[in-house]
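Participant: First the structure, which I've put down as structure tokens, then a few questions once you've had a look.
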Amino acid sequence: MRIGVNVPNFGPGATPDNLARWAETSEGLGFDLLMLSDHVAITSDVAKQYPAPFYEPVTTLAWLAGITTRIHLGTTVLIAPYRHPLLVARMAANLHQLSGGRLVVGVGVGWAREEFAALDVPFNRRGALTDELLRTLRTAWADEADYGSGRIPIWVGGNSDAAIRRAVRFGSPWHPLRFTMSWFREALPRLRNIADELELPVPELAPRIYLQLTEKPIDDPDRRAGEGTLEQVLEDIEELRRAGAETVLLDPYHGDPEETLRPEAAWQALATVAAHRP
């Protein structure tokens, strides 16, 4: 199983120096994957959760590719409707080549209505636009003479049944985000049922879970996956592995932008997991 890190590329602590330290720390601890989130226009609905500065993920990953040597790089998730599909295909193919084949492209439909409006993208067509992007990526990357991209992994992000259906239809790993284990257990039968309905294989799993270590166990049934004692977190990861997760992404951001100014606490939590990883 691969274990990755979701790096906060936003907030007051998002500086080139801190982003470089995040990448060096993640790679130095032996993690397999480093991923960044995506927003383009930091409208008020985005800023409530992810304040500026917000580093554009593809540009930033290209820079981090030159700082790192081994760790894979990716997006969790690139908002599919925000960019022309052929532009995404070209950027991703070039980044994959320049990084030595280390790119993973996670995509999602997006949620910020004000940001869609600022970019003049119809919010009610975000599902169709995401499907168009996925089709275009497959077609463009199949042209080795033009793109030379090889096989770039694509993950389909989102917790809805529409996201599950999209992952099944495109045969891409399903990338659910920050959930409780009870929700995940209930989602697995839906995943299998949708695959059966479409007469297609059940896709791999590549979940992104919270990471917050506590000294005492959390007994709340609404405990999020990745939250609790080290033993609870390792049990969550093992359960996800048994369910079919090839990769688990750890998200150490707890929701307070001021955390980005003090990344050492997150690095310590990551170091603890790395020392006991399966």
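The values are calculated or read from the model by the stated rules, or taken from the named source; none is laboratory data. Computed from a predicted model, the values in this text were never measured in an experiment. Heads up, the Cβs are rebuilt from the backbone with ideal geometry, glycines too, and the neighbour counts pull from every protein chain shown. Each accessible area value is taken on the protein alone, full model and side chains, heavy atoms only, with ligands, DNA and RNA left out. Shrake-Rupley method; radii C 1.70, N 1.55, O 1.52, S 1.80 Å.
Participant: Leaving out ligands, DNA and RNA, what percent of the accessible area of the chain is carbon and sulfur, probe 1.4 Å?
Facilitator: 52 percent
Participant: Which whole-number percentage describes the relative contact order of segment 208-256, with Cα contacts under 8 Å and a sequence gap of 6 or more?
Facilitator: The normalised contact order for segment 208-256 reaches 44 percent.
Participant: Quick one: what do you get for segment 181-233 if you divide its Cα Rg by 2.2 N^0.38 Å?
Facilitator: Output field value: 1.46.
Participant: Rounded to whole Å, give me the distance from the Cα center of segment 158-190 to that of segment 65-142.
Facilitator: After rounding, the separation between the Cα centres reads 19 Å.
Participant: Ignoring the sites themselves, what is the longest stretch of the chain with no trypsin sites (Lys or Arg not before Pro) in a DSSP loop and at most 14 other beta-carbon atoms within 10 Å?
Facilitator: After excluding every exposed loop site, the longest remaining stretch is 152-278.
Participant: What is the distance, in nm, between label points placed 7 Å from the Cα along the Cα-to-Cβ direction at Gln49 and at Arg242?
Facilitator: So the label points at Gln49 and Arg242 sit 3.1 nm apart.
Participant: Moving on to the next point. Quick one: if you take sqrt(5λ) for each eigenvalue of the C-alpha gyration tensor of segment 15-75, what semi-axes come out, biggest first, whole angstrom?
Facilitator: Taking √(5λ) for each Cα gyration eigenvalue gives 23, 11, 10 Å.
Participant: While we're here: Tell me the relative contact order for segment 70-150 as a rounded percent, counting alpha carbon contacts under 8 Å between residues six or more apart.
Facilitator: Relative contact order here is 41 percent.
Participant: Restricting to Cα pairs below 8 Å that are 6+ residues apart, what does the relative contact order work out to for the chain? Please round to a whole percent.
Facilitator: Worked out over the chain, it gives 20 percent.
Participant: Among Thr260, Thr76, Thr25, which one moves the most in a GNM of the chain with springs linking Cα atoms closer than 10 Å?
Facilitator: Result: Thr25 has the largest fluctuation of those listed.
Participant: Next question. Relative to the compact globular guide of 2.2 N^0.38 Å, what is the alpha carbon radius of gyration of segment 84-198, as a ratio?
Facilitator: Segment 84-198 yields a ratio of 1.16.
Participant: How many angstrom separate the Cα center of segment 7-24 from the Cα center of segment 207-257?
Facilitator: Here the two parts' Cα centres lie 22 Å apart.
Participant: Same structure, new question: Provide the net charge surrounding Gly13, with neighbours chosen by a C-beta distance below 13 Å and charges set as Lys +1, Arg +1, Asp -1, Glu -1.
Facilitator: With Lys, Arg at +1 and Asp, Glu at -1, the net is -3.
Participant: Counting Lys +1, Arg +1, Asp -1, Glu -1, what net charge surrounds Arg192 among other residues with beta carbon under 14 Å of its beta carbon?
Facilitator: Taking every other residue near Arg192 into account, the sum is -3.
Participant: Starting from the eigenvalues of the Cα gyration tensor, five times each then square-rooted, give me the equivalent ellipsoid semi-axes of segment 2-275, largest first, whole Å.
Facilitator: Rounded to whole Å, the semi-axes are 26, 23, 19.
Participant: Suppose R0 equals 45 Å. What FRET efficiency, 1/(1 + (r/R0)^6) with r the Cβ-Cβ distance, do Glu197 and His276 give to the nearest 0.05?
Facilitator: That gives a FRET efficiency of 0.70.
Participant: Tell me the label-point distance for the pair Thr214, Glu231, using the 7 Å Cα-to-Cβ offset, in nm and rounded to one decimal.
Facilitator: Each label point lies 7 Å from its Cα, and together they span 1.5 nm.
Participant: Another one. Put +1 on the Cβ of every Lys and Arg and -1 on every Asp and Glu Cβ in the chain; which of Ala92, Asn159, Phe31 then has its Cα farthest towards the positive end of the dipole?
Facilitator: Positive-most Cα among the choices belongs to Ala92.
Participant: Diagonalise the Cα gyration tensor of segment 207-278 and give the resulting equivalent ellipsoid semi-axes, square root of 5 times each eigenvalue, largest first, whole Å.
Facilitator: Equivalent ellipsoid of segment 207-278: 20, 14, 12 Å, largest first.
Participant: Continuing with this model, one more query. Could you pull the accessible area for His39 with a 1.4 Å probe, rounded to 10 Å²?
Facilitator: 10 Å²
Participant: How much FRET efficiency would the formula 1/(1 + (r/R0)^6) give for Arg21 and Gln97, where r is the Cβ-Cβ distance and R0 is 25 Å, rounded to 0.05?
Facilitator: 0.45
Participant: What's the magnitude of the charge dipole for the chain around its Cα centre, counting Lys and Arg as +1 and Asp and Glu as -1 at the beta-carbon? Answer in Debye, nearest 20.
Facilitator: Taking the Cα centre of the chain as origin, the dipole is about 580 debye.
Participant: I'd like to check one number: the per residue accessible area of segment 34-100, probe 1.4 Å, reported in Å² as a whole number.
Facilitator: Per residue, segment 34-100 has 40 Å² of solvent-accessible surface.
Participant: Roughly what would the spin-label model give for His84 and Met1, points 7 Å off Cα along C-beta, in nm?
Facilitator: Placing both labels 7 Å beyond Cα along the Cβ direction yields 4.2 nm.
Participant: Quick check: net charge around Val104, other residues with Cβ under 13 Å of its Cβ, Lys/Arg +1 and Asp/Glu -1?
Facilitator: Every neighbour counted, the sum reads +1.
Participant: With r defined as the distance between the Cβ atoms of Asp256 and Asp131 and R0 fixed at 30 Å, what FRET efficiency is calculated, to the nearest 0.05?
Facilitator: The computed FRET efficiency comes out at 0.25.
Participant: Further question on the same structure: Any idea what % of Cα-Cα pairs in segment 1-128 are farther than 24 Å?
Facilitator: Tail of P(r) above 24 Å: 28 percent of Cα pairs.
Participant: Putting +1 on Lys and Arg Cβ atoms and -1 on Asp and Glu Cβ atoms, find which of Leu230, Pro257, Ala65 reaches farthest to the positive end of the dipole of the chain.
Facilitator: Ala65
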